C-alpha cells in the first residue's frame, strides 16, 4: 500500500488493491448508500473499524449512547434502570425516554467514559428482566469540556480515546 502525504493537505492519499469481485461490491455499496465517492465509503469503514478497535482496548475515553427497548410494566424495572444511571452518574450525561406504546419504552442514554466501563454499564442494563433489546454505540470522540462550580470558570477536559484522560465531572455529580 503506497502512501502520499503532502504537507498542506487535509487528507492523505493511499493506494489499495482489491479483487474485481470486492471492487464490484464496494461500488454497489457506494451507489446504494449514496456516497460521493469510493474514498468516502472506505474512509467511513476504516473509521468504524478504528472505533471498534479502540472500544476493544477499553482504556480510552469515548462518547456514545446506550439504547434500551423495554417493557415498562415489569415491576421495578424503571426504578432499577434509574438507579443504575444514578450509580454511574459520572458516566451518564443525559437520557431520553420515549413511550412507544402502552407497554413499550425506548430509552436513549448519552454516556462518556472508558469503553470498558461503558460496556459494563450497558451490560448491567441489558440483563435486567423486562429489557427486550439493548445496544451500546460508541464514538472515538469526547464531549466538549464542562465547567465546574469552584473551578474559577475554567473547564475540565478529557483527552480522546487512546490517551490518558482526567475524568470529567459535571455540576451536581456526586461521589459514590
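Take segment 122-134 and flag every residue that is touching a strand residue (DSSP E or B) at 6+ places or on another chain (Cβ under 7 Å) and either surrounded by fewer than 17 Cβ atoms within 10 Å (Cβ to Cβ) or assigned to a helix (DSSP H, G or I) (or both).
Once the filter is applied, which keeps residues that are touching a strand residue (DSSP E or B) at 6+ places or on another chain (Cβ under 7 Å) and either surrounded by fewer than 17 Cβ atoms within 10 Å (Cβ to Cβ) or assigned to a helix (DSSP H, G or I) (or both), segment 122-134 yields 122, 125, 126, 132, 133.
Buried (at least 20 other Cβ atoms within 10 Å of the Cβ), more than 18 Å from residue 124 (Cβ to Cβ) and either at pLDDT 95 or above or under 13 Å from the mean Cα position of the chain (by Cα) (or both), is that true of residue 92?
It is false that residue 92 is buried (at least 20 other Cβ atoms within 10 Å of the Cβ), more than 18 Å from residue 124 (Cβ to Cβ) and either at pLDDT 95 or above or under 13 Å from the mean Cα position of the chain (by Cα) (or both).
The values are calculated or read from the model by the stated rules, or taken from the named source; none is laboratory data. Keep in mind it's a predicted model, so treat the numbers as computed, not measured. Note that each Cβ is placed from the backbone with ideal geometry, even for glycine, and that neighbours are counted across all protein chains shown.
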